[in-house]
Amino acid sequence: MTTEATANTTAAQPKPCIFIQTNRKQLLGALISEYSLKRNSATPDAFDVKIMHKEDYDFFRQKEGKVYLRDRMKRVWLNDDLQSFTPTRFLPPELMGYQGRSLVIDPDVFAVGDVCELLNRDMQGYAVMCRTRGGHRKSFATSVMLLDNAKLTHWQVEKQFNEMFEFKRDYIQWTGLDLEPEGSVGLLESEWNDFDRLTPATKMIHNTRRKTQPWKTGLKVDFAPVDRVYFFPPWAWIMQARRKLFGDYGLLGHYQPHPDPNQEHFFFGLLRECLEKGIITEAQVRDEMKHNHVRHDALEVVRKVPTLAAAA
């Protein structure tokens, strides 16, 4: 192959890109997540990072207050919900023209190790790689997904999002990859999406238990809990009655402190570095506090948090 042909082949494959999905409530987490990915990589220029803002897509706005199918039940779509960005996790292949490789993560996922180890791994012919989710019903955890974009041309987010409101597509089946072709999804080690666990083996930590997210402690809960139709149907009826009587977030209480202080230290240590480097300003943090997106003592916690160890 000539030098020119080699250059053209290389140019045809875009640089791997990590997409962080978010909405306005989770923006601070997304910015810190982006920083952690670059901070803890030995080759930070080897990949791009893009934050996907749910508010940039009109099809969400068009469905505000409309009924959709979730876990075999009909629910009202609320753009203000903490997790309203979730359908955007299927956008990266489309955004990259169904070329190259991408990684999509939630805004509450933070790199501890070098993400290039994941971006460069052999996908063994799978279109998607992710870990499984435990609990009452086994499914895939799509909060961290390594994607071969060329094999995902059937991911057409706006069309498939609208199908939920036509009751042709169930949100839980969609986001759990239940609708993907058999054999197209491979497994990642749990360390690449470590659910509220920070150990020496952790590569990416995910503060997935929303009620104990370290930056939300003390604030009122503002997310819709799972109805648990499969696990205990009467619970779904109770939660449905609660919503009708007290509103979507009524009686859900407040966010609680994270049970692992090291995870709180890790998050606020990253925030401290972002403030010191000017990546995030104190004014931004105060504005997030004002809107109840971040705990009101966040800056006090930052001042007291231990300094993080240097990146390896």
Using the Karplus curve 6.51 cos²θ - 1.76 cosθ + 1.60 with θ = phi - 60°, what ³J(HN,Hα) values do you get for each residue of region 167-179, in whole Hz, with x for Gly and Pro? 6, 9, 9, 8, 3, 5, 5, 5, 6, x, 6, 5, 9
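Figure the gain on full extension for Ile279 and Asp56 (residue separation times 0.36 nm, minus the Cα-Cα span) and round it to one decimal in nm.
Here the answer is 78.1 nm.
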Residue by residue, what Karplus-based ³J(HN,Hα) values in Hz, rounded to whole numbers, does region 72-83 have, using 6.51, -1.76 and 1.60 with θ = phi - 60° and x for Gly and Pro? 6, 10, 8, 10, 9, 6, 10, 5, 8, 5, 4, 9
Gap in Å between the Cα centre of region 254-312 and the Cα centre of region 21-54? 16 Å
Amide H contacts under 5 Å for Leu177, restricted to residues at least 5 apart in sequence or on another chain and with H modeled in the peptide plane, are none
Mean Cβ-within-10 Å packing, highest first, puts peptides 143-154, 164-175 in the order 143-154, 164-175
If R0 = 22 Å, then Ala42 and Glu94, at their Cβ-Cβ distance, give a FRET efficiency to the nearest 0.05 of 0.15
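Given a Förster distance of 25 Å, report the FRET efficiency between Asp178 and Asp80 from their Cβ-Cβ distance, rounded to the nearest 0.05.
Details: r = 27 Å, r/R0 = 1.08.
Here the calculated transfer efficiency is 0.40.
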Applied in sequence order to region 285-296, the curve 6.51 cos²θ - 1.76 cosθ + 1.60 (Karplus, θ = phi - 60°) yields integer Hz couplings, x standing for Gly and Pro, of 5, 5, 5, 5, 5, 4, 8, 6, 8, 9, 3, 6
Nonlocal amide H pairs with Asn79, under 5 Å, H built at 1.01 Å: Gly65
Which cross-chain or sequence-distant (5 or more) residues have an amide H under 5 Å from the amide H of Met52, H modelled 1.01 Å from N in plane? Ile20, Gln21, Thr22
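Bear in mind these aren't lab numbers, they're just calculated from the coordinates by the rules spelled out. Remember, predicted model here, so these are calculated numbers, not experimental data. Glycine gets a Cβ as well: all are built from the backbone with ideal geometry, and neighbour counts include every protein chain shown.
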